[in-house]
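> Following this message is one structure expressed as structure tokens.
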Amino acid sequence: MNNTDPLLTEIKISIKDLPNLLVGADTDVPTLNGTERYINFDNAASTPTFKLISESVSSFLQWYSNVHRGTGFKSQLSSWAFEQARDLVADFVGADLKTQVVIFTKNSTEAINRLSYKFILNKDDIVLTTLMEHHSNELPWRRLAKVVHVGLNEDGTINKDEFLDKLKTYGSKIKLVAITGASNVSGYINDLDFFATETHKVGAKIIVDAAQLAPHRSIDMKPSDPAKRLDYLVFSAHKMYAPFGIGVLIGDRKIFEYGDPVTVGGGVVDIVTLEEVYWADLPDKEEAGTPNIVGVVALGSAIRMLEAVGWDDIIKHEAELTAYALEKLNNIDEVTIYGDTNPANAANRLGVISMNIGELPHGLVAAILGYEGAIGVRSGCFCAHTYVKELLNVSDADSKLLEQQILARDRSQIPGTIRASFGIYNTTEEIDKFIVMVKKIARGDYFKDYILNKEKGEYTPNGFSFDFDKFYQL
Ligand SMILES: Cc1ncc(COP(=O)(O)O)c(C=O)c1O
């Protein structure tokens with residue numbers, strides 16, 4: 001952070017320039033047949049960073065020092081940057097720091113776990129959630145409360161009628177509705193205005209898991225209609241171009257003011273005697289130990305960058321990529337897409353496409369894309385087993401059988417899909433290369449000697465492995 005930091009001045013960044021601004025944009029990687037320019041279609045898992053963000057972080061490093069009680073200039077500057085980033089996060093999602101608090105965590109998973117410990121005080125509390133959730137927005141609730149699930153429509157969207165029915169059935173017993181802002185499997189974006197409004201009618205609160213939504217849409221926790229407010233929100237910086245290990249939990253100050261902090265230790269107290277402990281004010285009370293200061297600064301820079309690109313351009317570009325990919329994939333007979341396949345709807349969803357090619361195992365397809373096409377995708381169930389089971393119509397009987405196989409350390413039959421997920425820097429040329437590979441795979445034109453590791457469910461080409469130390473050494 002210095003006066004030459006491009007992110008400190010009001011600038012407009014053109015979406016067209018983003019591919020060249022990406023760190024590692026022009027990286028060639030080894031394949032079975034030589035080397036190829038790497039294509040990253042695994043953005044829903046984690047995004048690479050941009051030069052603007054990494055430069056902002058490296059210029060901060062010369063000022064780096066621990067935050068808060070340090071009196072030296074560098075400590076004061078670090079504290080100032082750290083708190084400035086907190087304000088940026090609050091502005092980014094329309095949080096009101098008078099009534100709400102921004103707590104920095106490791107990631108979305110930790111944020112939801114933290115909230116669960118503060119929010120759920122009674123095992124009989126009902127948390128209403130959906131079959132679309134990532135495990136991170138399901139298992140923390142399952143551990144502490146009674147969890148009720150809302151099912152899906154045929155197309156994999158959340159069944160709103162069932163949601164209303166369950167609200168009616170359980171009424172004021174529902175303490176919280178836990179819902180994802182967008183799916184990491186199908187790319188569906190949920191109608192948060194509807195879910196928030198109906199949640200508040202029964203007197204419950206809503207938490208939105210915005211791990212997937214935050215990098216792709218603007219979020220307003222406090223819209224002019226208070227019924228549509230979002231009470232709690234979490235997201236992860238590593239999915240929004242700041243992979244430096246920070247997550248965010250935002251919510252009602254009162255919940256965190258009450259009782260002990262979730263984690264105790266240094267930094268969370270006003271005074272400690274042998275008899276008494278007096279907790280510090282928020283947010284310090286919920287940020288025990290030395291925080292990830294560099295991660296927080298990186299998130300602040302990423303927010304500045306997203307704002308400099310602008311949501312309209314981000315949405316337009318990602319919709320163009322998604323529509324383009326869907327059009328091409330729809331023309332390949334062997335491809336099955338899970339979720340909405342209509343290119344015309346691309347602006348209302350994320351660029352996350354889950355698919356299979358014929359009867360080929362998803363792990364094999366993902367391996368071929370990586371080893372022969374230098375294309376990074378992800379395959380499997382994406383930490384959303386229950387959702388993938390529904391999307392793939394896996395019967396309960398098959399599911400039980402698979403359970404036994406997995407417990408016996410055989411993951412060779414595990415159902416799943418491959419997932420291509422786009423970021424703001426991806427291009428249609430990259431999609432063209434992906435389509436060429438998908439077509440090749442569909443017609444059987446690939447290396448025929450992949451070996452399956454049954455325990456891991458992973459495929460590797462016989463006689464070939466990557467020499468990582470030629471590329472990077474610690
Ligand atoms: C919808 C959703 N929620 C939560 C998470 C968990 O995020 P993190 O791994 O950053 O905790 C993910 C990660 O993929 C996700 O896609």
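The values are calculated or read from the model by the stated rules, or taken from the named source; none is laboratory data. Since this is a predicted model, take the numbers as computed values, not measurements. Because the Cβ atoms are built from the backbone with ideal geometry, glycine has one as well, and the counts that use them run over all protein chains shown. Keep in mind that these areas ignore ligands, DNA and RNA; they rest on the heavy atoms of the full protein, side chains included. Shrake-Rupley method; radii C 1.70, N 1.55, O 1.52, S 1.80 Å.
> Using the Cα gyration tensor of the stretch 1-122, with a ≥ b ≥ c the square roots of its eigenvalues, what is the shape: rounded (a/c below 1.5), prolate (a/b larger than b/c) or oblate (neither)? Display every interim value, and only then the final one.
Working: a/c = 2.08, a/b = 1.37, b/c = 1.52.
Oblate shape, in that a/c is at least 1.5 and b/c is the bigger or equal ratio.
> What FRET efficiency would be calculated for the residue pair VAL436, ASP91, taking the C-beta separation as r and a Förster radius of 51 Å, to the nearest 0.05? Please list the in-between numbers first.
Working: r = 43 Å, r/R0 = 0.84.
The pair VAL436/ASP91 has a calculated efficiency of 0.75.
> Compute, for ARG142, the solvent-accessible surface of its heavy atoms (probe 1.4 Å) with the complete set of protein chains present, and express it in square angstrom to the nearest 10.
Its accessible surface works out to 130 Å², give or take rounding.
> Considering only the other residues whose Cβ falls under 14 Å of the Cβ of GLY373, what net charge follows from Lys and Arg at +1 and Asp and Glu at -1? Working shown, then result.
Numbers: positive: ARG37, LYS433, LYS439, LYS440; negative: ASP28, GLU36, ASP42, GLU372, GLU429, GLU430, ASP432, ASP445.
Net charge in that neighbourhood comes out at -4.
> Using a 1.4 Å probe on the protein heavy atoms only, what accessible surface does GLU372 show? Give it in Å² to the nearest 10.
Spelled out: GLU372, probe radius 1.4 Å, area about 20 Å².
> Then there is this: Under 8 Å for C-alpha pairs, at least 6 residues apart: give me the relative contact order for the stretch 237-323, rounded to a whole percent.
On the way: 75 pairs, mean separation 24.4, N = 87.
Once divided by the residue count of the stretch 237-323, the mean separation gives 28 percent.
> When the helix-only estimate is applied to the chain (DSSP H runs of n ≥ 4, each -39,500 (n - 2.57), divided by the residue count), what is the mean residue ellipticity at 222 nm, nearest 500 deg cm²/dmol? Before the final figure, lay out each step's value.
Details: 14 runs with 162 residues, N = 474.
Mean residue ellipticity, 222 nm, calculated: -10500 deg cm²/dmol.
> Continuing with the same structure: What FRET efficiency comes out for LYS160 versus ASP449 if R0 is 35 angstrom and r is the Cβ-Cβ distance? Round to the nearest 0.05.
Working: r = 49 Å, r/R0 = 1.39.
In this case the efficiency is close to 0.10.
> Keeping every protein chain in place, order LEU21, LEU121 by accessible area at 1.4 Å, biggest value first, i.e. largest first.
Values: LEU21 50, LEU121 120 Å².
Correct descending sequence by accessible area is LEU121, LEU21.
> Before anything else, pin down the relative contact order of the chain: Cα pairs under 8 Å, at least 6 apart, normalised by residue count, whole percent.
Working: 864 pairs, mean separation 93.7, N = 474.
Worked out over the chain, it gives 20 percent.
> So how exposed is LYS123, as accessible area in Å² (1.4 Å probe, rounded to 10)?
130 Å²
> Rounded to the nearest 0.05, what FRET efficiency do ASN33 and ASN330 have when you use their Cβ-Cβ distance and R0 = 41 Å?
On the way: r = 28 Å, r/R0 = 0.69.
Given R0 = 41 Å and the Cβ-Cβ separation, E is 0.90.
> Could you run the Karplus curve 6.51 cos²θ - 1.76 cosθ + 1.60 with θ = phi - 60° over the stretch 367-374 and give me ³J(HN,Hα) per residue in whole Hz, x for Gly and Pro?
For the stretch 367-374, the Karplus curve yields 5, 4, 4, x, 6, 10, x, 6 Hz.
> In terms of the Cα gyration tensor, with a ≥ b ≥ c the square roots of its eigenvalues, is the stretch 99-148 rounded because a/c is under 1.5, prolate because a/b exceeds b/c, or oblate? Could you put the intermediate results ahead of the total?
Details: a/c = 2.04, a/b = 1.32, b/c = 1.54.
Oblate is the answer for the stretch 99-148, as a/c is 1.5 or above yet b/c matches or exceeds a/b.
> Out of all DSSP beta bridges in the chain, what portion is antiparallel? Express it as a percent rounded to 5.
Numbers: 36 of 55 bridges.
Expressed as a percentage, antiparallel bridges in the chain total about 65.
> Where a ≥ b ≥ c are the square roots of the eigenvalues of the C-alpha gyration tensor, would you call the chain rounded, which needs a/c under 1.5, or, failing that, prolate if a/b is larger than b/c, or oblate? Could the numbers behind the result be given before it?
Values: a/c = 1.69, a/b = 1.24, b/c = 1.36.
Taking the square roots of the gyration eigenvalues as a ≥ b ≥ c, the chain is oblate.
> Of VAL102, ASN40, ILE451, which is farthest along the charge dipole of the chain in the positive direction, counting Lys and Arg as +1 and Asp and Glu as -1 at C-beta?
VAL102
> Starting from the residue with the highest accessible area, list ASP340, ASP91 in decreasing order, probe 1.4 Å.
Details: ASP340 35, ASP91 115 Å².
From most exposed to least exposed: ASP91, ASP340.
> Using a 1.4 Å probe and counting only protein heavy atoms, arrange LEU274, LEU128 so the residue with the most accessible area comes first.
Numbers: LEU274 175, LEU128 0 Å².
Reading off the accessible areas and sorting them downward yields LEU274, LEU128.
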